[in-house]
1. What number of residues in the stretch 348-390 are touching a helix residue (DSSP H, G or I) at 6+ places or on another chain (Cβ under 9 Å) and in a helix (DSSP H, G or I)?
2. Considering each residue of the stretch 476-499, count those that are under 13 Å from ASP219 (Cβ atoms), of a type outside the set (A, V, I, L, M) and either assigned to a loop (DSSP other than H, G, I, E, B) or in contact with an Asp or Glu (Cβ under 7 Å, 6 or more places away or on another chain) (or both), and give that number.
3. Among the listed residues ALA145, ALA111, identify the single one that is in contact with a strand residue (DSSP E or B) (Cβ under 7 Å, 6 or more places away or on another chain) and aliphatic (A, V, I, L, M).
4. Do any residues in the stretch 226-251 that are modelled with pLDDT of 95 or more have Cβ atoms under 9 Å from those of residues that are surrounded by 22 or more Cβ atoms within 10 Å (Cβ to Cβ) and of a type in the set (Asp, Glu), where the two are at least six apart or on different chains, and which pairs are they?
5. Could you tell me which of the residues LEU110, LEU129, LEU122 is within 22 Å of the chain's Cα centre (by Cα), farther than 26 Å from SER407 by Cα and open to solvent by less than 40 Å² (accessible area, probe 1.4 Å)?
6. Pick from SER394, SER407, SER380: which is over 19 Å from the mean Cα position of the chain (by Cα), closer than 19 Å to PHE202 by Cα and open to solvent by 20 Å² or more (accessible area, probe 1.4 Å)?
7. Can you work out which of the residues in the stretch 189-210 that are assigned to a loop (DSSP other than H, G, I, E, B) and polar (S, T, N, Q) is nearest to LEU110 (Cα to Cα)?
8. So is PRO64 at pLDDT below 95 and open to solvent by 30 Å² or more (accessible area, probe 1.4 Å) or not?
Amino acid sequence: MSKGRFFWGQDHLTVSLAIKIANREVEGFLSDEVRQRVRTSSNQVQEIVENEETVYGINTGFGPLCTTKISSDQAERLQENILKSHAVGIGNPIDDQLVRLMLISKIHSLAKGYSGITLSTLERIIWHLENDLLPLVPEKGSVGASGDLAPLSHLFLPLIGLGKVKSKGKIVYTSEILEEQEIPAITLSAKEGLALINGTQFILAHAIWLVYKMKMLLDQEDLISAMMIEGLLASTKPFDQRIHAVRPYAGTQHTAAKMRLLLHESEIVHSHATCARVQDPYSLRCIPQVHGASREAWLQLKKMAEIELNGVTDNPLIFENGDTVSGGNFHGQPLALPIDYVATALSEIGNIADRRVYLSLEGDTPGVPKLLLKETGLNSGFMILQYTTAALASENKGLCFPSSADSIPTSLGQEDHVSMGSIGGRKALQILHNVEKIQAIELICAAQALDFHTPLKSGQIVDKLHKWVRQSIPHVTEDQLFSVWIERAEQWVSGGKLIDKANEIAAEKNISTNTEWSQDFDL
């Protein structure tokens, strides 16, 4: 199967495309036009050095040292020094996929031709990506303004033969790889060091991964919630199209439409159509409003991330006529705010899911026993699973304090307002992983509740999905080691297996899972 093609610095880069490049489903190329654009920008920098003009970052110090003039014969050493001095990150290395996304977004930005980078340096970065030689980037150290200085310094230390890389799963010194490949380290030209470390690519990589993973999480929550609606004999009236048409948020309408689709022609739903219950608790009744609001937060982050993906976050910028202009495109605030928004939106998905887990244990649903087990006393049933969801939901609430609300001046006051978007990105991913674990437990409880309505069938997709779950996670009749099933369900959730299976079922049954708003909430 041939790979798709993408042209760096030229084509429009989306979240979906960035993920495909990272997964080697699409290959990136430099066109002749982009190569020339990069050469022109680099030549303009060299002219500035030769003419001994005073331009920040080219022949001056950095940050509070911006008034210190650097001689032309020291310009190269200045760029190497900035990589060394700024590589002060600490903590565990970030995930390989995040490193790939950092490289992808940086390559695309540099290829725009506004940074003064040399073509050889750009090609070496592409070489790292294509050969999956991934620099080790510590998770902590960026304040998200003046770029992600520390993580980007670590990302590009290998260019000058320093730092470590991961090669075929092993961590080795860069010098060993270069010696093995018989490739020399790069000597950076004027401005290149600054161009490499000025930028938001650490924050952006987290934003891209959040968009991708959260889309999966939200789509799976539709499936799990529909199963819980069936298991708890909840009403489908709250999903009536007319309700949401008079308060027409796209996220709410999309979620309600998905619930109608998943619950369509359900024997279980029809079995209690004339019951005396008037209204369900909010965690069931308000699924469209709560889940839909989180979809709106996702949509905002996706929009901002894709603007950033195609933007230039270096400083100063080199324009076509040779003008160099200093500004603040490296500031992470445009991403920091929507990342914090998404962190809260993710937490709320976990919060409401915990409430549904609690409801499933109460024993108020006809036919569904307390604690989801017929014989309790000797058996505790599913009681303690909700302790775990409560713990995770509580932890998430503590993580929701917006990082972007904080700012600590750095660089002797030159950088007196910072975004802290890097911290927000890390926290948001932690919240997401916690919600995936909550989802795994909700899936187990929903499947158990649904068992008690046999032989009645659910909607076609939910019914088949429930049977698929039961092939690997059995119905529980007495206490056992639940952690085994939680771990299995978490693997499904994290890997998007529920969505894959639901799509497979929909294709078999010739059911369209799209709604009028699906395109808005797609990658």
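The values are calculated or read from the model by the stated rules, or taken from the named source; none is laboratory data. If you're wondering where the values come from, they're calculated on a predicted model, not measured in any experiment. Glycine gets a Cβ as well: all are built from the backbone with ideal geometry, and neighbour counts include every protein chain shown. These area figures cover heavy atoms from the full protein model, side chains too; ligands, DNA and RNA do not enter into them. Shrake-Rupley method; radii C 1.70, N 1.55, O 1.52, S 1.80 Å.
1. Number satisfying all stated conditions: 24.
2. 1
3. Working: ALA111 fails: in contact with a strand residue (DSSP E or B) (Cβ under 7 Å, 6 or more places away or on another chain).
Every option except ALA145 fails the conditions.
4. MET227/GLU442; MET228/GLU442
5. Working: LEU110 fails: within 22 Å of the chain's Cα centre (by Cα); LEU122 fails: within 22 Å of the chain's Cα centre (by Cα).
Matching residue, one of LEU110, LEU129, LEU122: LEU129.
6. Details: SER394 fails: closer than 19 Å to PHE202 by Cα; SER380 fails: closer than 19 Å to PHE202 by Cα.
Just a single option satisfies the conditions, and that option is SER407.
7. Of all residues in the stretch 189-210, those assigned to a loop (DSSP other than H, G, I, E, B) come to 189-191, 198-200.
The next check asks that each one be polar (S, T, N, Q); those that pass are 189, 198, 200.
Numbers: SER189: 15, ASN198: 11, THR200: 12 Å.
Out of the qualifying residues, it is ASN198.
8. Details: at pLDDT below 95: yes; open to solvent by 30 Å² or more (accessible area, probe 1.4 Å): yes.
So PRO64 fits the description; yes.
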